[in-house]
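Contents: one structure, followed by commentary.
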Amino acid sequence: MQTAIAPSLDIQQIRQDFPILDQQINNRPLVYLDNAATTQKPRAVIDALTNYYEGYNANIHRGIHHLAEQATAAFEASRRAMQSFLNAEHWQEIIFTYGTTDGINLVAQAYGRRFLNAGDEIIISGMEHHSNIVPWQMLCEERGCVLKVIPVDEQGDLMLDEYDNLLSEKTKLVSVVHASNSLGTVNPVKTIIDKAHAVGAVVLIDGAQSSSHLTVDVQDLDADFFVCSAHKFYGPTGMGVLYGKTALLEAMSPYRGGGEMIREVTFEKTTYNDIPYKFEAGTPNIADVVAVKAAIEYIGQLSKEAISAHELDLLHYATEQLSEIDGLRIIGQAREKIGVVSFVMDGIHHQDMGVILDQQGIAVRTGHHCTMPLMHRFGIAGTTRASFAVYNTKDEIDRLAQGIRRVQKMML
Ligand SMILES: *Cc1c(COP(=O)(O)O)cnc(C)c1O
């Protein structure tokens, strides 16, 4: 596994920034290890939401009054913050969505239905979240395209030789996850993108996990589309971003029709607004967009490198501690990982594991993690998953390991 050198963080200090962490669950201090599902929010993000509603709530863009101007300025300031967070070249390339799922559907509909035809091939991978499978299946059904899948090896790495075999001049679109929410695998997306471009395909990267745990640079990756969800990187729920290259976004049809996305409407014909507004029909999620800037600033203060280094340290420690437990098998031992440890245990169903850990105040996720085909690949119904964020500690991993041993005692 990779190592990183970065300034160390004062984790106890950081925990003070997250009010929710300071509570007892079932008479034990909460150990929150479900960060791949959603992260907790620092006070700065909560305050940004409150400040917006208490101070300058108004509908944006068409208002002439003071509050509308203030809300519009804050909304557009968040777009610039997201632009620099992903290192996009232009602010117009940042489209606000409701999250990763929404962003992928937008591309499948607005790009896919316009540019993909019968017989064209779409390549995804065997470790995709359902939100990066189903929209493409829907498109394939409608347009007669063919879905191809890069297989996953026993360690949890993508089989890139197989990817080479799948690529051809029929490949029109490749959509893969940057970092797996189920296995933790960090995929070599730069290589995947280069190879797709060599056959003329466009590439979408599902950055739901990478945006919170890795430094993302869409220009360096040369990604055509990149999607993420704010709630996975300490921001609010129901808000995310689609990054797309200008030329692609301009060529695409609108996705939803309505207010804001138009230039002029008559009953005979409607002309559309410029990007990004062409894709932002209706009143957006203003408060949550405004608050995402606070999440980005919070991450920036701590530094992404330092956060990643801390999480890797936790990953190594958890991998060591959990490997020592008899009968426990970690699913996903890829060369490069984010802080996710998924495991199964002889004789104990993951659901029982989750319930009994919860009785001890430990929050983990159990089940298929929205990656059912991946579970099939490993011949299992689901796993128990512990996933780490900046505020987690080695003490909490010790609690997890003790908790698992306790489950074993009770069940076996
Ligand atoms: C969470 C997640 C999604 C879905 O994100 P939503 O915010 O639910 O739209 C997609 N892909 C991965 C890898 C995820 O972790």
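The values are calculated or read from the model by the stated rules, or taken from the named source; none is laboratory data. These numbers come from a predicted model, not from an experiment. A quick note on method: Cβ atoms are made from the backbone with ideal geometry, for glycine too, and the neighbour counts reach across all protein chains shown.
Tabulated data for the structure shown
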| read-out | value |
| --- | --- |
| Cβ pairs under 6 Å, 6+ apart, first in segment 317-328 and farther than 10 Å from K394 by Cβ, second surrounded by fewer than 16 Cβ atoms within 10 Å (Cβ to Cβ) | G327/D346 |
| Residue check, A294 aliphatic (A, V, I, L, M), surrounded by 20 or more Cβ atoms within 10 Å (Cβ to Cβ) and part of a loop (DSSP other than H, G, I, E, B) | no |
| Residue check for I338: in contact with a His (Cβ under 9 Å, 6 or more places away or on another chain), in the same structural domain as R28 (by TED's automatic domain parsing) and not small (G, A, S) | yes |
| Filter result (of a type in the set (S, T, N, Q) and over 18 Å from T237 (Cβ atoms)) within segment 79-119 | Q83, S84, N87, Q92, Q109, N117 |
| Among the candidates A108, A77, A71, residue that is under 21 Å from the mean Cα position of the chain (by Cα), outside any loop (DSSP other than H, G, I, E, B) and over 30 Å from N392 (Cβ atoms) | A108 |
| Test: residue in segment 298-312 that is assigned by TED's automatic domain parsing to the domain that holds A73, surrounded by fewer than 22 Cβ atoms within 10 Å (Cβ to Cβ) and touching a His at 6+ places or on another chain (Cβ under 8 Å) | no |
| Restricting segment 217-248 to residues that are among the aliphatic types (A, V, I, L, M) and surrounded by 24 or more Cβ atoms within 10 Å (Cβ to Cβ), the residue that is farthest from Y391 (Cα to Cα) | A223 |
| 3 or more residues of a type outside the set (S, T, N, Q): qualifying strands (runs of 3 or more DSSP E) within segment 328-367 | 328-331, 340-345 |
| Residue, nearest to P42 (Cα to Cα), within segment 215-239, restricted to residues that are out of contact with any Lys or Arg (no Cβ under 9 Å at 6 or more places or on another chain) and among the small types (G, A, S) | A230 |
| Residue selected from segment 123-161 under the condition over 20 Å from A208 (Cα atoms) and surrounded by 20 or more Cβ atoms within 10 Å (Cβ to Cβ), by the criterion nearest to the chain's Cα centre (by Cα) | L139 |
| Residue in segment 93-100 that is in the same structural domain as T366 (by TED's automatic domain parsing), within 16 Å of the ligand (Cβ to nearest atom), among the hydrophobic types (A, V, I, L, M, F, W, C) and closer than 30 Å to G184 by Cα present | no |
| Residues of segment 213-245 satisfying the condition of being away from the ligand (no atom under 16 Å from the Cβ) and polar (S, T, N, Q) | T215, Q219 |
| Residue in segment 317-327 that is in contact with an Asp or Glu (Cβ under 9 Å, 6 or more places away or on another chain) and either farther than 30 Å from Q16 by Cα or among the basic types (K, R) (or both) present | yes |
| Count of residues meeting criterion [assigned to a helix (DSSP H, G or I) and of a type in the set (D, E)] in segment 204-222 | 1 |
| Sole exception among (1) within 23 Å of H231 (Cβ to Cβ); (2) out of contact with any strand residue (DSSP E or B) (no Cβ under 7 Å at 6 or more places or on another chain); (3) of a type in the set (A, V, I, L, M, F, W, C) for V289, by number | (2) |
| Residue that is of a type in the set (K, R), in the same structural domain as N105 (by TED's automatic domain parsing) and touching a Phe, Trp or Tyr at 6+ places or on another chain (Cβ under 8 Å), where the choices are R263, R329 | R263 |
| Segment 127-145 residues that are closer than 12 Å to L204 by Cβ and free of Cβ contacts under 8 Å to residues at least 60 places away in the same chain, paired with ones that are within 11 Å of the ligand (Cβ to nearest atom) and part of a helix (DSSP H, G or I) (beta carbon under 9 Å, 6 or more apart) | P135/T101; P135/I104; P135/N105; W136/I104 |
